[in-house]
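For reference, the structure discussed in these notes is given below.
The values are calculated or read from the model by the stated rules, or taken from the named source; none is laboratory data. From a predicted model like this one, the values you see are computed outputs, not experimental measurements. Every residue, glycine as well, gets a Cβ built from its backbone with ideal geometry; the counts of neighbours run over all protein chains shown. Remember, those area values only see protein heavy atoms, side chains included, never the ligands or the DNA or RNA. Shrake-Rupley method; radii C 1.70, N 1.55, O 1.52, S 1.80 Å.
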Amino acid sequence: IGAHQAVVSLRTDHPAQSSVTAVSISDKYGAWRGYTTPPDGSGIYRLVAERNAPMRLTQAELEAHPDWRGFGGEAVNHPPMRGWLAAPLTARDGSNMGLIQLSDKEEGDFTADDEAVLVQLAQMASVTIDNSRLFQEVRSAEADLRRQLDFTGAITSNLGEGVLVLDREGLITLANPAAAQLLHCTEHELIGTSLVSLLGGAPNPNDEGEPPAAASSSRGQLLEALHTAGSARSDDAVLRCGTELHLPVACSISPIVTGGEVAGSVFAFHDITERKAHTAALEHQARYDALTGLPNRTLLHERLHQALRQAERNGTPLALMIMDLDGFKDVNDTLGHHFGDLLLQQVGPRMQGALRLTDTVARLGGDEFAILLPGAEEEAASATAKKLLRALEDRIQIDDLSLHIGASIGIAIFPEHGIDADTLLRRADVAMYVAKRSRSSFSVYSPEHDQYSPSRLALLGDLRQALRQEALLLHYQPQTHLHGGTTTTVEALVRWQHPQYGLLPPDQFIPLAEQAGLITPLTYWVIDTALQQCAAWRKLGLDLNVAVNLSARSLHDPQLPDAVAESLARTGLPASALVLELSENAIMAEPQRALDVLTRLHETGVWLSIDDFGTGYSSLAYLKKLPVDELKIDRSFVRLMSTDENDAVIVRSTVELAHNLGLRVVAEGIEDQITLDQLAALGCDTGQGYHLARPMPAAAITELLMPQGRH
């Protein structure tokens, strides 16, 4: 074209400049240095950029243009220019990238042909520059992608979590090393495998290794997410590889979206075998007794609720039994808790051996057990109770000790005694306490024994009123010296003349008084009334003492010694006129508390007697510490001693033991002359029983003993 100066100017994003200029000059003008234009552009640069179209200008036109000096005066004035020609560099999107400019054509102004050539050159240059930029962008993006893939690969390869990349058909296209290791195969073996096959097929009831229903539900959710390009999570899925491995996993599936379209999915998972085992161990801990391995109260309730639903649906009965070991606390207190634990561990298997596979025996706590008998009515439950008691008859060997343990069982039947779990449990417990008090081994629930039944609640109200109105009465049973036949002590026995039920013995209302918290005022009334009667007898010349039974709850009453002292003071009787009787089991239930209360009572001067001796597990070492004056041999040994040599030996040993400890001996339950003679021969001090005298009102005692005069 004949130009002597060519300039190519390209725009940049540099904040201080709008273009970088490269300069090419012919030999005529010498070498020119490169320069940059200011950010706002100037001269022909700005004109071409604004119009984004080619321009031809003569020197005169340029000098006449108002912005020509802004182009750079030095370039214009030295050397003098004859004409200007410029064409824009235009990107594909139409934006201006810069320009190509020619100047100083020797033969005159630039022509239209010159402009057409420069425009073609500018277009070719624009395409080249655009392609170069695009190529650089692609290479940069590829480099970024490679770095990202390398980074992602490094992460997935070192993850402990298995990662599977799936295509749109659910086939595995990529598996990380952790996935292969967890599934016991190679990454190559996983490629092309369907996720559906890893999640297993439909549940097979004959396949013991088949995942449970929860896992099948999780499988359905995961597959639905796979087919609908959705997301899902599961904490109880199961993966299977081949036919052997069933791996419990927590997993998630998420879609891979590219350009607005789903290209596949990512399935991530990790092994939860250890967590499952830990959870199972915790569940076993929560539902089974740690000592015996039997179901605990929680699991019993679950099975009982389930059995009740089935019984109601099928119209069948079921039985619930509560069993309590007799004398277990005495074993603990005497031999220690270690022996008690060993005993409980042997009781469980014996009970299970007497039951069906469908039955449940559970430990509720301490020495209390529950037995659930689905489908059993009262007769079958009673037969099972007898089997359980027989299973416990044989002595239990622990180290070098041989222990005998009995039990008391209460039975409640669905639906006769209750239709819900809580009611059946409570009523079986009521029946168990009836069996324990009556020493009948087992008892079936009856409303008359239930303090919460309407009749019992009515009886309780009547008892409260009877105590307020002093409507109770005392009968007295003489205790006779076996050598001489005289009577110096009578035992006070409370009776209740009920307006509806007639004369009630103590076993029909004393337990009710204990449960209702009335035993303390009742005890105070008996002591006070008996002492008043004793004072009246002494005024008549009958030098009698009176014996009063104390409840086990009396040992929890810190006011008892003071109340006894006040009653003695009111009647003016010496403390030795009163004998207080406490059962051996009541004393041994809380030995230290018993020792404290008995010591305070002994300090008042009253006589203390251990009632029902021989039925508990008294330690001789502890017995000698008790401030007692008398032992009463339990009637269960006395009644059959004439026919049972073992009972005779127990009675003889007890008499000798008591005398060696300096204690007086009373034998209760004498019902024939043979027993009386045997006791006298053994040296027993005093006897009590129907053969000698029955309980009777105070007036009858006066009439019976008055001829004896003063003793």
Given the condition open to solvent by less than 50 Å² (accessible area, probe 1.4 Å), modelled with pLDDT under 90 and within 19 Å of TYR433 (Cα to Cα), answer yes or no: does some residue in region 345-364 qualify? yes
Having 2 or more residues that are in contact with a Ser or Thr (Cβ under 9 Å, 6 or more places away or on another chain) is the bar; report the helices (runs of 4 or more DSSP H) wholly within region 446-564 that clear it. 510-515, 519-539
Just checking: which of the strands (runs of 3 or more DSSP E) contained wholly in region 348-430 hold 3 or more residues that are β-branched (Val, Ile, Thr) and touching a Phe, Trp or Tyr at 6+ places or on another chain (Cβ under 8 Å)? 406-414
Looking at region 693-707, can you tell me whether even one residue there is assigned to a strand (DSSP E or B) and either in contact (Cβ under 8 Å) with a residue 40 or more places away in the chain or more than 53 Å from the chain's Cα centre (by Cα) (or both)? yes
Residue in region 465-487 that is farther than 30 Å from LEU544 by Cα and at pLDDT below 90 present: yes
Kindly evaluate ALA290 against the criterion of being open to solvent by less than 30 Å² (accessible area, probe 1.4 Å) and of a type outside the set (Lys, Arg). no
Test result for LEU582, under 24 Å from GLN533 (Cα atoms), at pLDDT 80 or above and surrounded by 16 or more Cβ atoms within 10 Å (Cβ to Cβ): yes
Hey, VAL564 at pLDDT 95 or above and within 24 Å of PHE509 (Cα to Cα) or not: no
If I ask for residues that are touching an Asp or Glu at 6+ places or on another chain (Cβ under 6 Å) and surrounded by fewer than 22 Cβ atoms within 10 Å (Cβ to Cβ), which ones from region 664-684 would you list? ARG664
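One line per residue, one yes/no per condition, for (1) out of contact with any strand residue (DSSP E or B) (no Cβ under 8 Å at 6 or more places or on another chain); (2) not β-branched (Val, Ile, Thr):
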| site | (1), (2) |
| --- | --- |
| LEU531 | no, yes |
| GLY541 | yes, yes |
| LEU560 | yes, yes |
| ALA565 | yes, yes |
| THR571 | yes, no |
| GLU584 | no, yes |
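Conditions (1) closer than 17 Å to GLY669 by Cα; (2) of a type in the set (A, V, I, L, M), marked per residue:
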site: HIS481; (1), (2): yes, no
site: THR489; (1), (2): yes, no
site: ARG495; (1), (2): no, no
site: GLN500; (1), (2): no, no
site: LEU503; (1), (2): no, yes
site: PHE509; (1), (2): no, no
site: GLN515; (1), (2): no, no
site: THR523; (1), (2): no, no
